[in-house]
Amino acid sequence: MKRCGYATIIGKTNVGKSTFLNNFLDKKVSITSKKSQTTRSNIYAVKSTENCQTIFIDTPGTHKKTEKTINKILRKKPKEVIHDVDVILFMISGTKFDDVDQETLEIVNSSEAKKILLINKIDLLKDKNELFPFVEKIFLKENFESIVPISSKKNEGLDIVQDELEKLMPENDFFYPTEGFDFQSQTFEITETIREKVIRMLGDELPYQTAVVLDMFEDQQNQINLNATIYVAKESQKKIVIGEEGAKIKSIGTKARMDLEEKYKKKVFLSLWCKVKKNWINDPVTLESFGIKN
Ligand SMILES: Nc1nc2c(ncn2[C@@H]2O[C@H](COP(=O)(O)OP(=O)(O)OP(=O)(O)O)[C@@H](O)[C@H]2O)c(=O)[nH]1
Ligand SMILES: [Mg+2]
């Protein structure tokens with residue numbers, strides 16, 4: 001009998017959800033960075049083994065409540081999916097557990113789905129003996145089917161997550177083909193690839209105030225031609241994105257182009273612009289046009 005179902009990854013921003021998904025699938029589906037608020041939409045991906053197919057949903061990490069419209073929209077994303085999945089993978093980072101983790105756990109607990117606790121980044125733990133007392137103190141009273149310490153970055157423990165998922169997935173035929181199937185559009189993949197380079201190459205305050213829009217996309221037999229715009233919220237941010245004599249935006253473009261050429265196995269011509277859209281992070285209409293939908 002085959003098994004098939006849905007699993008979502010929920011946790012505070014930056015705990016490593018997207019890194020987990022990419023390494024678990026052995027395929028880059030979700031962008032990652034060491035800055036907070038990297039993922040901005042619910043991202044779907046599928047993994048099939050011989051007997052089990054799991055449809056995963058990566059979500060934007062939870063962060064402290066603020067008055068910014070973008071934050072309000074992002075904070076709703078996990079709630080959109082937790083009631084429709086079979087399993088929730090609740091992720092924390094090492095033995096850190098603060099108010100935001102607690103608030104996220106309460107959201108997770110409002111769902112009837114089965115739950116697995118993933119303690120990520122165990123490669124950073126100096127003393128692995130801390131793990132048991134930590135789990136005992138906070139999680140033993142919680143309703144987790146299993147608790148799995150992992151390192152997403154070093155691929156440790158991921159096979160155990162697969163075993164646990166297979167036990168919890170309902171009996172079903174596969175919903176999707178086992179290969180050659182992508183949920184995300186090519187346009188989304190391209191703008192996300194560029195946004196990843198923007199986030200990774202800029203200072204701390206800027207990343208979550210930038211968005212990328214594709215203005216032109218020509219997929220030819222041997223090459224892809226792209227024009228894209230990086231939007232920022234203030235004039236001063238535009239200077240940073242462009243850099244001295246255009247050096248910054250040029251290197252963002254080069255890094256993105258290399259990733260895209262690798263992905264599509266074609267030559268890519270990418271022209272990048274930077275424009276200011278004042279205070280866009282508070283404007284619902286612009287947010288929607290940038291793909292951040294309420
Ligand atoms: N040392 C270590 N670093 C990790 C591990 N997993 C993820 N990271 C790092 O943690 C940072 C955040 O990773 P992401 O995967 O972008 O985190 P996220 O939870 O998806 O973040 P949001 O999308 O903002 O919610 C990156 O710098 C990763 O390289 C791990 O197992 N060990
Ligand atoms: Mg993420």
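Worth pointing out:
- Förster radius 30 Å - calculated FRET efficiency between residue 276 and residue 179 (Cβ-Cβ, nearest 0.05): 0.10
- Estimated FRET transfer efficiency when R0 is 30 angstrom, pair residue 219-residue 285 (beta carbons, to 0.05): 0.55
- Two-site label geometry, residue 162 and residue 245: point separation in nm, points 7 Å out along Cα→Cβ: 5.0 nm
- Per principal axis, descending, Cα span of region 3-168 in whole Å: 44, 34, 30
- Net dipole in debye of the chain [+1 Lys, Arg Cβ; -1 Asp, Glu Cβ; about Cα centre; nearest 20]: 1180 debye
- Working note: 222 nm ellipticity from helices only, DSSP H runs with n ≥ 4, each -39,500 (n - 2.57), summed and divided by the residues of the chain, gives -10500 deg cm²/dmol to the nearest 500.
- The chain: most fluctuating residue of 263, 250, 153 per GNM, C-alpha cutoff 10 Å: 263
- The residue list 89, 253, 243 was ranked by how far each Cα lies along the charge dipole of the chain toward its positive end, using unit charges on Cβ atoms, and 243 comes out on top.
- Gyration tensor over alpha-carbon atoms, region 147-211, equivalent ellipsoid semi-axes in Å: 32, 21, 10
- Here the gap between residue 106 and residue 72, fully extended at 0.36 nm per residue and compared with their Cα-Cα distance, gives a gain of 10.5 nm.
- With contacts taken as Cα pairs under 8 Å and at least 6 residues apart, the chain reaches a relative contact order of 19 percent.
- Extension gain, residue 136 to residue 266: 0.36 nm times the residue separation minus the Cα-Cα distance gives 41.6 nm.
- Within the straight-line cut-off of under 16 Å between alpha carbons, the lysines reachable from residue 34 are 12, 17, 121, 153, 154, 197, sequence neighbours fewer than 8 places apart in one chain being disregarded.
- Counting all C-alpha pairs of the chain, share separated by more than 35 Å (%): 22 percent
- The relative contact order of region 186-289, computed from alpha carbon pairs under 8 Å that lie at least 6 residues apart in sequence, is 29 percent.
- If you wrap region 186-289 in the convex hull of its Cα atoms and look at it from every side, the mean projected area works out to 6.3 nm².
Coordinate-derived values only; no laboratory data. From a predicted model like this one, the values you see are computed outputs, not experimental measurements. Please note: Cβ atoms are built from the backbone with ideal geometry, for glycine as well, and neighbour counts cover all protein chains shown.
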